[in-house]
Amino acid sequence: MRFHRAKPRFLCGQPSRRHHAGMSDCLPPTVLKLAEGLCDDEIHIWALPYDRAAGRLPVRRLLAGYLDSVVDDVVLTDAPHGRPELGGTHGGRLRFNWSHSGDRALVAIARSVQPGIDLEHRARRGARDVLALAQRFFAPQEVQALAALPAEERSSAFLQLWTVKEAVLKAQGRGLAYGLHRVVVDLWESGPVLVRFDDEPTTPWHVQALSLDPAWVAAVAWCGPSMHVRWCGEPH
């Protein structure tokens, strides 16, 4: 395995262009039109401010818009490994996942697939020895690939690997305790590629890097058919 230096990839594609397993612009719909705007072959990505004191309330507010409901009626439960899911009367109507780092959060919402999403701020790991972290958490071939990179490129590649791996585990419904080394990823110019996922077939899996701005690294993953991943900005 070796990493191919990636060209910048942007979360929002060119306006009016749509393509499977890619990104396209999504004009922020009104709250009442959110559910209508989510097609079965789409994953919507939203950015939210994160405040620990608010907990999951911002996510519940966003989901309430999709469900045409009031936030008090949006009940979240935890799956066996901690992934939040819709419960109560809305159970099963939407599938979502969220991740937060620093003061920002990302939310992925879909109807027909279970998305997993991860977000990392570069500053939170930038000063750490990424090779030592990779040796602790990653597969041997990924450690070798990181070591072969110029030192100034390792941190970015490490975070891209980390976010893709965690997004896959969250989509599957497991947390980090399952083992990041079980998810093996290669970085190509066209984007990350899932090389191995324990003993599961990789063909049904899709992974995609999400570019926000230079300070953030993020990825989304899902298992199932190709989807349109649409950036929807911040709710109003």
Burial-style ranking of 44-50, 200-206, average other-beta-carbon count within 10 Å with highest first, yields 44-50, 200-206
Taking a ≥ b ≥ c as the square roots of the eigenvalues of the Cα gyration tensor, with a/c under 1.5 meaning rounded and otherwise prolate when a/b exceeds b/c and oblate if not, segment 123-236 is oblate
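Can you tell me which of 63-76, 159-172 comes out highest on packing, and rank the rest after it, using the mean Cβ neighbours within 10 Å?
Those peptides, ordered most packed to least, come out 159-172, 63-76.
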Carbon plus sulfur, as percent of the 1.4 Å-probe accessible area of segment 52-188, comes to 47 percent
Here the net charge surrounding P49, from other residues whose Cβ is less than 14 Å away from its Cβ (Lys, Arg +1; Asp, Glu -1), is +1
Computed about the Cα centre, the charge dipole of segment 57-150 from +1 Lys/Arg and -1 Asp/Glu charges at the Cβ has a magnitude in debye, to the nearest 20, of 180 debye
Phi-derived 3J(HN,Hα) across segment 105-122 with the Karplus relation (6.51, -1.76, 1.60, θ = phi - 60°), rounded Hz, x for Gly and Pro, is 9, 10, 10, 10, 10, 8, 9, 9, 9, 9, x, x, 9, 9, 9, 9, 8, 4
Net charge (Lys, Arg +1; Asp, Glu -1) of residues whose beta-carbon lies under 13 Å from that of P140, P140 excluded, is +2
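What's the ranking of 175-187, 211-223, 83-95 by average number of surrounding C-beta atoms within 10 Å, highest first? Provide the component values of the computation, followed by the final result.
On the way: 175-187: 18.4, 211-223: 20.8, 83-95: 14.8.
Result, highest mean first: 211-223, 175-187, 83-95.
The values are calculated or read from the model by the stated rules, or taken from the named source; none is laboratory data. Every value quoted in this text rests on a predicted model; they were computed, and no experiment measured them. So basically every Cβ, Gly included, is an ideal-geometry build from the backbone, and we count neighbours across all protein chains shown. These accessible areas exclude ligands, DNA and RNA; they are computed on the full protein's heavy atoms, side chains included. Shrake-Rupley method; radii C 1.70, N 1.55, O 1.52, S 1.80 Å.
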